[in-house]
Amino acid sequence: MKTRLICLLTAALGWWGTAHAAWPDKPIRIVVAFAPGSSTDIIARLLGPQLTAQMGQNVIIENKPGAGGNIATQQVMNAPADGYTLLMHSVAYSVNPSLFANAGYDALRDLQPVAMTGVTPNMLYVHPDVKANNLSELLALARGGKMSYASSGNGTTTHLGAELLFRTLAKVDVTHVPFQPAAATQAALSGQVPIASTSMPPAVPHAKAGKVRPIAVMSLKRSPALPDVPTVAELGYPGFEANTWFAVFAPARVPAEVLDRLNAEIGKALAADAVKERFAALSLDGQPMDRATLRRYLEAEVAKWGKVVKDNGLKAD
């Protein structure tokens with residue numbers, strides 16, 4: 001009996017190891033925390049085909065917007081910990097637990113970071129009918145009458161960065177109107193809201209087509225995608241910086257070897273020429289990190305943005 005039990009256990013462990021080593025042996029689903037057309041979605045759809053080609057399994061992109069990304073986060077948090085359901089989120093992932101009374105997750109406990117996919121500057125831009133060609137003219141216009149700006153959502157760096165610029169530094173009262181990320185760009189395109197603060201990928205094509213007028217980028221250096229657009233730091237606010245990053249997350253108990261494989265495959269995808277070219281055109285900087293470095297980066301971001309939210313008394317609407 002004892003010998004038989006040992007044989008059964010050995011066989012079971014051998015089967016588990018073989019099955020586990022075969023990962024992935026079915027399609028992988030990436031749940032995107034925001035709507036189609038958002039920067040988060042754009043990145044997922046650029047990486048998806050490349051990952052499919054590399055791994056030999058379909059990578060399916062599924063959008064699950066709502067509650068600033070919290071709905072998608074909770075869905076993935078509660079998914080099986082097998083590496084087949086992943087989350088594509090933005091910097092908002094690190095902000096929401098401080099911003100919402102109940103975000104439904106702990107950013108450092110309930111999911112684990114898998115791979116950094118990119119960083120992009122935020123950009124301030126206006127509808128062409130707005131009679132401001134630069135930041136000083138826009139601030140003067142805002143001081144002269146009630147104006148509003150669209151952001152990619154409460155607690156995003158597009159929101160926090162604009163609040164820092166308008167209210168804290170320029171002492172201008174501009175009303176914040178939060179949107180889903182892709183909808184914020186559409187609001188500026190239609191003139192529904194005269195000013196927008198979003199990450200660059202959704203706005204760059206429209207800026208190049210003259211459908212919106214860029215005012216300033218919020219990185220320390222100008223973006224190669226729009227090299228003629230000055231930085232906020234150049235325009236009288238030294239050191240000003242507000243960027244947006246994007247990363248992939250997984251349920252907390254996914255095995256380390258699966259996470260390491262995912263990290264390596266995503267890093268390889270970011271290095272592919274076709275992906276690099278599209279990233280550059282959209283002002284996305286692919287920044288692969290090993291998982292330990294990404295974990296430390298996430299911890300610092302949770303602490304930093306949590307302090308900004310607390311110090312400014314910000315809350316989700």
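Please treat every number below as a calculation from the coordinates, not as lab data. In this text the structure is predicted, and so the values were computed from the model without any measurement. Virtual Cβ from ideal backbone geometry, glycine too; neighbours counted across all protein chains shown.
A few points about this structure:
- The residue that is surrounded by the most Cβ atoms within 10 Å (Cβ to Cβ), counting only those in segment 143-166 that are farther than 15 Å from A188 by Cβ and of a type in the set (G, A, S), is G155.
- Selection status of N133, among the polar types (S, T, N, Q), under 27 Å from L47 (Cα atoms) and assigned to a loop (DSSP other than H, G, I, E, B): no
- Which listed residue, of A303, A269, is under 19 Å from the mean Cα position of the chain (by Cα) and farther than 21 Å from T52 by Cα: A303
- Across segment 86-130, the number of residues qualifying as part of a helix (DSSP H, G or I), of a type outside the set (S, T, Y) and surrounded by fewer than 24 Cβ atoms within 10 Å (Cβ to Cβ) comes to 1.
- Which listed residue, of A247, A225, A252, A233, is surrounded by 20 or more Cβ atoms within 10 Å (Cβ to Cβ), under 30 Å from K315 (Cβ atoms) and touching a residue at least 12 places away in the same chain (Cβ under 8 Å): A247
- Matching strands (runs of 3 or more DSSP E) fully within segment 143-211 where at least 1 residues are of a type in the set (A, V, I, L, M) and closer than 20 Å to R222 by Cα: 195-199
- Positions within segment 281-301 being hydrophobic (A, V, I, L, M, F, W, C) and surrounded by 14 or more Cβ atoms within 10 Å (Cβ to Cβ), in sequence order: A281, L282, L284, M289, L294, L298
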